[in-house]
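Report on the following structure.
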Amino acid sequence: MTLSISPEDLRKKAIVTESQAPVSDEEMQRAVRTLLLGLGEDPDREGLRDTPKRVVKALKFLTSGYNQSLDELLNGAVFHENANEMVLVRDIDLFSSCEHHILPILGRAHVAYIPNGKVIGLSKIARICEMYARRLQVQERLTQQIGDALQGLLQPQGVAVVIEASHMCMVMRGVQKPGSWTVTSSMQGVFKENARTRQEFMNLIRHNPSLH
């Protein structure tokens, strides 16, 4: 399978310039204060006095993936190896935010690739998942971004990503269905083309109790 995005293109898309933020922290805090007023609260009472500042700080942390790049995360942790068997890191905890309601997405990622002369430090796979998760997301795009990043960086024989997550916008509001899980996948290279390879991956992640 030919990837339409080169490693260099991926790096350019992920690198963030040091340009000034379009709004200041003070402006963001005033916006949170306005929201509190709109909810019928008193933002000057003791319990809410510092809430605008805390909310802005929390949101910046939860979306800190916008300020990271693949180059920073990798830090040279790509190595030449003759390995050609599946590498799987499963049960990677994910915490993201739904871009429609800015409510939590809580779940796990299972990521595998088959090397083609290069391998990546195992912790970097979790870091890549974390970088893309710490943005306003939809699960479908998050799954594809992780797969595209590994495919572009390593040019392996194939990449497989499965994410299973619970969306608080479905649990806490809307249809209010606690216990519902959304599963998305991205299969590239041999994982897409070879049913046996894909099935091996699926069998391995099914040992995860959360999938039963």
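Overview of results
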{"quantity": "Gyration tensor verdict on region 51-184 (Cα atoms; rounded if a/c is under 1.5, prolate if a/b is larger than b/c, oblate otherwise)", "calculated": "oblate"}
{"quantity": "Global form of region 108-148, assessed from the alpha-carbon gyration tensor, a/c cut-off 1.5", "calculated": "prolate"}
{"quantity": "DSSP bridge pairs, the chain: antiparallel proportion in percent, nearest 5", "calculated": "95 percent"}
{"quantity": "Restricting region 58-111 to GluC sites (Glu not before Pro) in coil, as DSSP defines it, with at most 16 other Cβ within 10 Å", "calculated": "GLU81, GLU85, GLU99"}
{"quantity": "Under 29 Å, Cα to Cα: Lys pairs in the chain, sequence gap 8 or more or different chains", "calculated": "15"}
{"quantity": "Listed peptides 117-123, 158-164 by packing density, highest first (mean Cβ within 10 Å)", "calculated": "158-164, 117-123"}
{"quantity": "Chymotrypsin sites (Phe, Trp or Tyr not before Pro) lying in DSSP loop within region 60-97, provided at most 12 other Cβ fall within 10 Å", "calculated": "none"}
{"quantity": "Separation between Cα centres of region 71-92 and region 46-65, rounded to whole Å", "calculated": "34 Å"}
{"quantity": "Under 14 Å, Cβ to Cβ, from THR34 - net charge with Lys/Arg +1 and Asp/Glu -1", "calculated": "-3"}
{"quantity": "Mean residue ellipticity (222 nm) of the chain, computed from DSSP H runs ≥ 4 via -39,500 (n - 2.57), nearest 500", "calculated": "-11500 deg cm²/dmol"}
{"quantity": "Counted charge near THR51, where neighbours are those whose Cβ lies closer than 12 Å (Asp, Glu -1; Lys, Arg +1)", "calculated": "+1"}
{"quantity": "Å² per residue, accessible surface of the chain at 1.4 Å", "calculated": "58 Å²"}
{"quantity": "Fraction of accessible area attributable to carbon and sulfur, region 23-176 (%, probe 1.4 Å)", "calculated": "52 percent"}
{"quantity": "The chain, relative contact order in percent, only Cα pairs under 8 angstrom and at least six apart counted", "calculated": "19 percent"}
{"quantity": "12 Å beta-carbon shell around GLY121, net charge (K/R +1, D/E -1)", "calculated": "+2"}
{"quantity": "Sparse-neighbourhood loop sites, trypsin sites (Lys or Arg not before Pro) in region 141-212 - DSSP loop, at most 13 other Cβ within 10 angstrom", "calculated": "ARG173, ARG206"}
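The values are calculated or read from the model by the stated rules, or taken from the named source; none is laboratory data. No experiment lies behind these values; they were computed from the predicted model shown. Ideal geometry is used to build each Cβ from the backbone, glycine not excepted, and the neighbour counts take in all protein chains shown. Accessible surface areas use protein heavy atoms only, side chains included; no ligands, DNA or RNA. Shrake-Rupley method; radii C 1.70, N 1.55, O 1.52, S 1.80 Å.
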